[in-house]
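Undergrad: Please find one structure pasted underneath; my questions will follow.
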Amino acid sequence: MSTPSSGLVLVVVGTDHHPFDRVVGWADEWAVSHPGRRVVVQYGTSRPPTTAEGHDLLPFGDLTALMSEATVVVCHGGPGTIMGAREAGHVPIVVPRRSDLGEHVDDHQVRFATRVAEAGQVHLATDQPTFSSLLERAETGELGFRIDLMTEDPAAEAVARFAASVDALVADRGGTRRQRSRS
């Protein structure tokens, strides 16, 4: 394990019109208890952080630059943001928006984030203690929070899995056609 970092923690809530005050509050509390750490929060329509550096929106170029610079990325459960974090070399900490808290219209982010966490593509934080624990682990340089972009190509892996799925569907459909035509 490497030594603790004093690097950047980037928190991205996206651009949905539903506030996501829960994760902004968690990030702000973490910033208070970790002076010297730079915590940048893109907060959208949520309440701005009081301690962390806050931006309602970030231009795409600024967001990708911050992701590249970050020690750890925390994000909502949107596939595009998760993919962006992974393309920047992160296994992000994902806090999915919840409909019962007014953070989204339904729980598709909960379902998606759970699925990709089970596949080892993200770290799932559904409560504040888990959120804080994952940030602590990522900040110490623990393995499992970074992707070696020189040896792993997330896009190529995704394309290969998609191709295998299509091949299986096509093969299955071909078998079904042959059975129908014989009867």
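The values are calculated or read from the model by the stated rules, or taken from the named source; none is laboratory data. Quick caveat: nothing in here was measured; it's all calculated off a predicted structure. Glycine gets a Cβ as well: all are built from the backbone with ideal geometry, and neighbour counts include every protein chain shown. All accessible areas refer to the heavy atoms of the entire protein, side chains included, with ligands and DNA or RNA removed. Shrake-Rupley method; radii C 1.70, N 1.55, O 1.52, S 1.80 Å.
Undergrad: Confirm whether Asp106 is open to solvent by 50 Å² or more (accessible area, probe 1.4 Å) and acidic (Asp, Glu).
TA: Spelling it out, Asp106 is indeed open to solvent by 50 Å² or more (accessible area, probe 1.4 Å) and acidic (Asp, Glu).
Undergrad: All but one of (1) under 21 Å from Glu136 (Cβ atoms); (2) open to solvent by 70 Å² or more (accessible area, probe 1.4 Å); (3) among the charged types (D, E, K, R) hold for Arg22; which doesn't?
TA: (2)
Matching residues to (1) in contact with a strand residue (DSSP E or B) (Cβ under 8 Å, 6 or more places away or on another chain); (2) polar (S, T, N, Q); (3) open to solvent by less than 30 Å² (accessible area, probe 1.4 Å):
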position	(1), (2), (3)
Gln42	yes, yes, yes
Pro48	yes, no, no
Ala65	no, no, no
Val74	yes, no, yes
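Undergrad: Inside the stretch 159-176, can you point out the residues that are open to solvent by less than 50 Å² (accessible area, probe 1.4 Å) and modelled with pLDDT of 70 or more?
TA: Within the stretch 159-176, just Ala163 meets the criteria.
Undergrad: May I ask you to list the residues in the stretch 50-63 that are exposed (fewer than 13 other Cβ atoms within 10 Å of the Cβ) and among the polar types (S, T, N, Q)?
TA: Across the stretch 50-63, the qualifying residue is only Thr50.
Undergrad: Let me ask another. Among the residues of the stretch 142-154, is there at least one that is part of a helix (DSSP H, G or I) and at pLDDT below 80?
TA: Yes - at least one qualifying residue is present in the stretch 142-154.
Undergrad: Consider Pro129 carefully, then state whether it is modelled with pLDDT of 90 or more, surrounded by fewer than 14 Cβ atoms within 10 Å (Cβ to Cβ) and farther than 19 Å from Val9 by Cβ.
TA: Taking the combined requirement at face value, the residue does not satisfy it.
Undergrad: Additional query: Before we move on, is Ala88 open to solvent by 10 Å² or more (accessible area, probe 1.4 Å) and of a type in the set (Gly, Ala, Ser)?
TA: Considered against the rule, which asks whether it is open to solvent by 10 Å² or more (accessible area, probe 1.4 Å) and of a type in the set (Gly, Ala, Ser), Ala88 comes out as yes.
Undergrad: While we're on this one: Looking at Thr114, Thr81, can you tell me which residue is at negative phi, touching a strand residue (DSSP E or B) at 6+ places or on another chain (Cβ under 7 Å) and touching a residue at least 60 places away in the same chain (Cβ under 8 Å)?
TA: Answer to the selection: Thr81.
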